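The values are calculated or read from the model by the stated rules, or taken from the named source; none is laboratory data. Because the structure is predicted, anything quoted here is derived from the model rather than measured. Virtual Cβ from ideal backbone geometry, glycine too; neighbours counted across all protein chains shown.
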């Protein structure tokens, strides 16, 4: 037998003489080192060699890494170090033990087979991975639960319920919320009406602006007027007068004289004639009003989509000349006309209405 001192852990190793001139592994730390050749058949000299006298110091071919070593270690080494620190190093999972290979000879006779070690390593690695996954899943479930079922309780004006001394926490149900009241539908207008305003007078004259300022709402205004004619009572009369354009001598009048609402033939002709009227250029209200008041109707409906001022009030009142005729005013989406038109409606006993864009666009023929 040959005895040498491990170059790494300084443990005394007993090795068969057959290893002289070859390599062996320390059974304590796993360091692979050379065995001096001259120690063969020189047991006593081998002893002196272990003390550093005589033959040369055996050289270490491999030794396990220490904390002072630089560079990156493998993942298995790091895992083995962790296992070693947990008290499992005696099972062969030391950082040095994991890198050992099976060598024939007495030096490795006490080490477990490599296959058994790898199985144990894989088993421990699998257990560690499963534990880590369990921890991560538990944290995720705890986080989602805290945000969901255990969220912030609703704020109420009621005092919190008393906490029971034992058992589960008694949770009072949230206060009931009264449902929103059902939206009341707008009252349905029955009978003759223009943009929702009733027209009950025996004769109604519609004075409609056809100037360029009313261009965007002109077609809707014509459709609303024709729809109104369909709702008139059979004995009611109607007439449509469009504001005169600057290039025209007289305003467009449909029909030439007021017609009864029960005259279906005349209603059809009126619809066809109104469809052909277009809006453009400058328009004049006075000439149309003079024609309207000359008929002596019960009411006159004025509708425009342009802004009017106090001059509008003067034109209407001068054309009325004290006659007992109501003047209903409609401003189509133009709020700047509200003041003057409201003034005219109040002075004549009529009604003013501002027609919104949604009301205007809801008109269909």
Checklist entry - Would you call residue 326 over 19 Å from residue 283 (Cα atoms) and in contact with a strand residue (DSSP E or B) (Cβ under 7 Å, 6 or more places away or on another chain)? => result yes
Checklist entry - Just to be sure, is residue 259 in contact (Cβ under 8 Å) with a residue 12 or more places away in the chain and within 18 Å of residue 223 (Cα to Cα)? => result no
Checklist entry - When you go through 273, 299, 303 one by one, which is the residue that is at pLDDT 95 or above, closer than 23 Å to residue 361 by Cα, out of contact with any helix residue (DSSP H, G or I) (no Cβ under 8 Å at 6 or more places or on another chain) and in the same structural domain as residue 214 (by TED's automatic domain parsing)? => result 273
